[in-house]
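Engineer: Mind looking over this structure? Questions follow.
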Amino acid sequence: MGNCLQSVEPSLSISGNSSKLAWEDIWNESEWYDYKSFDYNDTSLEAAAPCHSCNLLDNSSLPFFILASVLGILGSGAVLFSLFRPLFHWDLCPGRLVLAQLAVGSILCSIVVPILAPGLSSAHSTSLCRLAHCVWYGSAFAQALLLGCRACLGPKLGEDHVPGLILGLTVGVWGAALLLGLPITLTSETSDELCVLMSSRSLGALQSVHTAACFAIFFLLPLGLVGAKGLKKALGRGPGPWVDILWLWFIFWWPHGMALGIDALVRSRILLLSTCLAQRVLDLMLQLAEALAISHCMATPLLLALFCHQATHTSMSCLPFPTRQSSHLESLGGKS
């Protein structure tokens with residue numbers, strides 16, 4: 001993905017032999033321009049910057065976006081189908097409705113991945129770009145909040161225990177996720193056939209809110225869960241948050257939240273980068289974190305399938321043999 005080997009030639013170089021310029025060439029009236037007529041925008045300023053970072057996610061990375069989208073839709077769709085059909089006894093998974101919402105969030109993210117990909121210029125418009133960012137971040141926020149609520153509530157999310165809790169959790173989580181995705185929706189536009197953020201200074205507050213939301217949900221939330229688990233275990237005051245394999249989901253978004261937080265500190269001049277190498281490292285870290293976040297579309301159905309397999313195997317082994325046999329016969333009857 002990307003081309004990091006192409007060197008950027010400087011626009012102006014002055015050697016020792018050419019340092020002396022003819023004054024008649026400088027003061028030649030034909031060389032004067034009306035500088036007020038020039039239109040300086042962010043693109044021209046970025047091109048004139050002395051520090052050029054390589055671009056990993058450019059047009060050459062389109063196959064990666066397409067692959068992540070297709071595998072994410074197929075994998076999450078298969079998991080969602082298995083949760084509501086008598087296949088593999090996945091109907092015994094605790095909190096099956098919450099797992100189904102995680103699969104739906106993964107499908108939504110997978111659907112909009114090609115819209116955010118570079119190289120599909122015909123698919124880009126301002127309204128479509130805003131919708132894609134809203135769905136992408138809204139679904140990611142919803143998945144993170146669902147995992148956090150599931151870790152805190154644990155077995156209480158069983159659909160047979162408190163049915164009203166699932167409905168309230170669903171409305172609250174997805175409503176909060178859409179609100180958190182609203183700032184990025186309002187600041188999105190198309191520029192050079194890419195979905196980017198608007199550069200208007202009046203929208204800086206919305207961009208700051210979006211960065212803070214990503215930092216809190218993707219970076220601080222998993223750290224808080226791990227810290228609460230370790231603290232309760234050290235003090236011996238209960239088991240703490242419910243830990244399972246689904247916590248690995250945060251690995252794909254944790255670097256994204258951290259990288260956005262560091263980038264916000266650099267842009268606000270709170271953290272100063274003294275060298276061009278440091279800026280290049282930050283740019284590379286931002287793009288690697290974005291690629292890792294896109295990879296969650298392929299990893300989420302695998303995590304859900306592995307969790308359901310482990311939970312179903314444990315539930316079936318705890319049942320007495322006659323109950324297990326009757327459950328197996330019911331499953332066969334449902335398949336036929």
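Engineer: Can you give me the accessible area per residue for the range 207-269, using a 1.4 Å probe, in Å²?
Structural biologist: Heavy-atom accessible area per residue stands at 54 Å².
Engineer: With a sphere of radius 12 Å drawn around the Cβ of Cys54, what net charge do the other residues whose Cβ falls strictly inside it have (Lys, Arg +1; Asp, Glu -1)?
Structural biologist: -1
Engineer: Turning to a different aspect of this structure: In percent, what relative contact order does the range 221-295 have, based on Cα pairs under 8 Å that are 6 or more apart in sequence?
Structural biologist: 29
Engineer: Sequence gap at least 6, Cα distance under 8 Å: using those rules, report the relative contact order of the range 167-302 to the nearest whole percent.
Structural biologist: Relative contact order here is 20 percent.
The values are calculated or read from the model by the stated rules, or taken from the named source; none is laboratory data. None of the values given here were measured: they were computed from a predicted structure. Backbone-built Cβ (ideal geometry, glycine too); neighbour counts: all protein chains shown. Side chains are part of the model used for accessible areas, which takes the heavy atoms of the whole protein and leaves out ligands, DNA and RNA. Shrake-Rupley method; radii C 1.70, N 1.55, O 1.52, S 1.80 Å.
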